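Here the structure is laid out as C-alpha cells; the discussion comes afterwards.
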Amino acid sequence: MKKLRLFVLFFLMAIIFSACQSNEVKKSIITNFNADFTASKGDFSAGGSITANDGQTELVFNKPQTVDGLKISNDGGEISIEIDDLTSTADEAYLPNDNLPQLIHCVATEICDGREILYQKNNESDTYILETSKGKCTYSVDKNGYILSAQINSKNFRIDFSNQYELG
C-alpha cells in the first residue's frame, strides 16, 4: 500500500511539474500597426508603407517608381485602388488570388489568430509557423511584439517590416 501511495504521489508531482514547464507565456503580437515594408514575390519587389488595423490594410507604394503613389486598401474583401485622382474598387474574388497586395493583406490579418506554432525562441525574436489561406507562413516577431518579417515559400513571397508603431 505504501508503494502505491508513493507511486501516486510521484505521478502527481510529475504531472504538476510538467504543467508548470509548459505554461510558457506567449509573446503578444502587435497586429494593429503602421510600418514601412519591402516585399517581393518572385522577381518583383516593391516597398512603401502599410497600415493594418482590425482586419483592414492600406498599402501606399513608393518603390518601384512605376507604382509610386499607388494606394491599395483591402477592407475584408472589398479592394480599393487609387492613384493620382483615379479610384477603382473591386471584390477581391475577381482578382488574381496570389498577387502581392493580397499576400501582404494575408500576412497582416491572419497572423496572431491563435493558430500559430512557436518554432524557435531566442532573446531577440521568436519565429512562428502558421497555415494561412495562402499557404504555410513563417514569421518572426521581435521582443516587443512587432512583426519583423514573414514569408510564404510556396508563393515565393517575403515581406520585411521596419519603423513600426502600434495603433491605439
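Strands (runs of 3 or more DSSP E) wholly in the range 58-168 with at least 1 residues that are under 14 Å from the mean Cα position of the chain (by Cα) - which ones?
117-121, 125-132, 135-142, 147-152, 157-166
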Qualifying position, being within 22 Å of Lys134 (Cα to Cα), touching a strand residue (DSSP E or B) at 6+ places or on another chain (Cβ under 6 Å) and open to solvent by 60 Å² or more (accessible area, probe 1.4 Å), among Lys63, Lys41: Lys41
Any hit, the range 111-123, residues being modelled with pLDDT under 95, closer than 20 Å to Ser40 by Cβ and not charged (D, E, K, R): yes
Residue that is nearest to Phe33 (Cα to Cα), among those in the range 128-158 that are surrounded by fewer than 16 Cβ atoms within 10 Å (Cβ to Cβ) and of a type in the set (S, T, N, Q): Asn144
Residues within the range 38-55 that are modelled with pLDDT of 95 or more and on the phi > 0 side of the Ramachandran plot, tallied: 1
Filtered residues of the range 57-100 (kept if modelled with pLDDT under 90 and at positive phi): Gly76, Gly77
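The values are calculated or read from the model by the stated rules, or taken from the named source; none is laboratory data. Predicted, not measured: the structure shown is a model, and the values here were computed from it. As a convention, Cβ positions derive from the backbone with ideal geometry for all residues, glycine included, and neighbour counts pool all protein chains shown. Heavy atoms of the whole protein, side chains included, go into the accessibility calculation; ligands, DNA and RNA do not. Shrake-Rupley method; radii C 1.70, N 1.55, O 1.52, S 1.80 Å.
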